[in-house]
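This report concerns only the one structure given below.
None of the figures in this text is laboratory data; all of them are computed from the coordinates on show. Since we're looking at a predicted model, the values are computed, not measured. A quick note on method: Cβ atoms are made from the backbone with ideal geometry, for glycine too, and the neighbour counts reach across all protein chains shown.
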Amino acid sequence: MRRILTLMAALAAGPVAAHDYGFAGILSADNTGEMPGLTLSVGQPIAEGPITLESGKVYELEITADGTGELALEGPGFFRAIWVNEVVINGLEVRPFGLESVEFDQQGTMEIEFLAIVPGQYEIRIPGARGDSQRVSVTIQ
């Protein structure tokens, strides 16, 4: 009986804030970070340099392919260290369980909204490419 009275008193006191992120929780606009986009083009670097992200923040990765070749990006370690909220392709939203790679057969843009989770150093690369410009190092702090 005492537990029930304590619970009722707590409920009558008003809601308790579990976090400071707002109504959308961790996906709120207050919890977002900036991430540079990646470009897929034959013989061109995919990024300007290493990328650093903060664990617990939401990011949007924009990948643009110019159509000069059929190109893919893989990063199984990176994709396992994040939680993918959605992938947007030509205005269509996909909410996958997870990703390992993405591929462009033609020119286009893909946006991946995700929550960075597991700290560490990861790599996103064009499969089979050997040049340093065909990969980018991503660190989640």
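7 Å from Cα along Cα→Cβ at both E93 and E123: what's the point-to-point distance in nm?
Here the answer is 3.5 nm between the modelled labels.
Just how far, in whole angstrom, is the stretch 84-117 from the stretch 39-75 if you go by their alpha carbon centroids?
After rounding, the separation between the Cα centres reads 12 Å.
If you wrap a convex hull around the alpha carbons of the stretch 93-141, what volume per residue comes out, as a whole number of Å³?
Numbers: hull volume 6.0 nm³, N = 49.
So the per-residue Cα hull volume is 122 Å³.
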